[in-house]
Amino acid sequence: MRTVLQGGVVVRPDGVFAADISFENGQILEMGERLPADGAEAVDATGCYVLPGAVDVLVHCLPEHLEATGNAAAQGGTTCHGWPAPADGAGPDVPAQLPVDVVRLAPLPEGEVGGASLHWLDARRLEAAGAAAVALCEAARADASVLLRPDLPGLGRFLEAELRAAGRTAVSNWTAAAPEYVEEEAARLAVALARAAACRLALLPLSCGGSLEAVRLARQWRQSVWAATSPQYLLLDETAYEEGAAEGLKYAMRPPLRAAGQASRLWEALAGGLLDAVTSDHHDTTFAAKWEAGAADAFACPAGIPGVETRVPLLFSEGVLKGRLTLPRFVQCLCSNPAQLLGLGQRKGDLRPGFDADICLLDPAEERLLTARRLHQGDYTPFEGLSVRGWPRAVWLRGERLPVDGREGGPAHTLHGMWLTGGAD
């Protein structure tokens, strides 16, 4: 049946429009003023923003957690995400059906590159620069892009060993094992290797200004370098590690939180286009697991935080409502730019006729206090107690209405998501 969203404010990457949207058979039909709703299901969108379903480039979870993670993504307005498949292929088979669409990101192989044209590169391979350059050349020959978290794990292990030897194993020392200069050097090295190989590169998530400078220089050299940050680096800082193990371990992530002044540089880069997007960099590690492994030695704590559900509301509340981002830039950073990197820019990330009917109806007046008890993404949130305004009222995936926080939608067990082939647009 045809559905018409009436009375909302449509936000696309190229502007904001007071218009209706109609869709049927999984695709958007048209956008216009006062579209006829005869014989259609009419949905009142008055007072809401009509957004493309959000796309999250990087979501980490075990294969057996893909369904729960996808459900959390949908709750927060995300209808598609990238998933880096295990490099060794270990673990249980992935589910055939999912709550949201997923692009499986394959690791960059040692030899000939085939299949999907977006691969991820383990940061450990950066430390053998010659071999990494060869792999990037193979990717370039296959017209593939390479996604990389800029890090030098060997140097990190050395710094951790030095800290352990000095008895500095409390979480307050977390940043000392991964200082800014390590990320900056890894970003510069990755850019240099990609330049030599003429390979398209994506760096994420970036946490500090030095890494931004590597991206800026690369673009001056006319390299194809895509870059993203994550909400935690925009909204939190390293003082969180001073709260003691019971709280500080919640913020154990790579890269770590940085000094407070770095966030303003990231916001400026995001608004100005030096940063292309915001990814959640979600990890399904629980606080229970962090505490068990890291209470006595923080460096034994699994790194990563949950965030797939809160990414869109946080960026709307802290970005749009506080004047840091315009509405179209918000959609570019959370929808269209990530879709293009994943090779889905001709069907997702925008609200155009023929595109997938992935739609988020965002209520800008709904305010919530973030608490793990109300979220679906894990047993804690690093943003506990933060008041956030702007939440999805309804979400559609290819025209199928998804259950959102107990509101009207399909049954909770209904799975409409698909595995998609990723690549570079």
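The values are calculated or read from the model by the stated rules, or taken from the named source; none is laboratory data. Here the structure is a predicted model, which means the values were calculated and not measured. Note: ideal-geometry Cβ built from the backbone for every residue, glycine included; neighbour counts use all protein chains shown. Side chains are part of the model used for accessible areas, which takes the heavy atoms of the whole protein and leaves out ligands, DNA and RNA. Shrake-Rupley method; radii C 1.70, N 1.55, O 1.52, S 1.80 Å.
So here's what we get for this one:
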| quantity | calculated |
| --- | --- |
| Among the residues listed as Leu369, Leu342, Leu386, the single one being of a type outside the set (Ser, Thr, Tyr) and open to solvent by less than 40 Å² (accessible area, probe 1.4 Å) | Leu342 |
| Scan of the stretch 169-181 for residues that are open to solvent by 60 Å² or more (accessible area, probe 1.4 Å) and within 24 Å of Leu212 (Cα to Cα), ordered by number | Tyr181 |
| Residue list for the stretch 231-260, filter: under 21 Å from Leu189 (Cβ atoms), part of a loop (DSSP other than H, G, I, E, B) and either open to solvent by less than 30 Å² (accessible area, probe 1.4 Å) or not basic (Lys, Arg) (or both) | Pro255, Pro256, Arg258 |
| Residue that is most open to solvent (accessible area, probe 1.4 Å), among those in the stretch 266-287 that are over 16 Å from Ala68 (Cα atoms) and touching an Asp or Glu at 6+ places or on another chain (Cβ under 7 Å) | Phe287 |
| Enumeration of residues in the stretch 149-168 that are open to solvent by less than 70 Å² (accessible area, probe 1.4 Å) and not in a loop (DSSP other than H, G, I, E, B) | Pro153, Gly154, Leu155, Gly156, Leu159, Glu160, Ala161, Leu163 |
| Some residue of the stretch 65-74 being loosely packed, with under 15 Cβ neighbours inside 10 Å and among the charged types (D, E, K, R) | no |
| Counted residues, the stretch 191-230 - those being under 16 Å from Ala133 (Cβ atoms), crowded, with 23+ Cβ neighbours inside 10 Å and touching a Phe, Trp or Tyr at 6+ places or on another chain (Cβ under 8 Å) | 1 |
| Flag if Phe316 is surrounded by 17 or more Cβ atoms within 10 Å (Cβ to Cβ), touching a residue at least 12 places away in the same chain (Cβ under 8 Å) and farther than 16 Å from Gly77 by Cα | no |
| Residue satisfying all of: in the stretch 10-29; among the hydrophobic types (A, V, I, L, M, F, W, C) and open to solvent by 50 Å² or more (accessible area, probe 1.4 Å); nearest to the chain's Cα centre (by Cα) among these | Val16 |
| Test for Gly378: is it within 21 Å of Val102 (Cβ to Cβ), open to solvent by 30 Å² or more (accessible area, probe 1.4 Å) and modelled with pLDDT under 95 | yes |
| From the options Asp38, Asp56, Asp44, residue that is closer than 30 Å to Leu275 by Cβ and not basic (Lys, Arg) | Asp56 |
| Test result for Val146, at pLDDT 95 or above, of a type in the set (A, V, I, L, M, F, W, C) and outside any helix (DSSP H, G or I) | yes |
| Residue identified as in contact (Cβ under 8 Å) with a residue 40 or more places away in the chain, open to solvent by 60 Å² or more (accessible area, probe 1.4 Å) and not small (Gly, Ala, Ser) among Arg104, Arg34 | Arg104 |
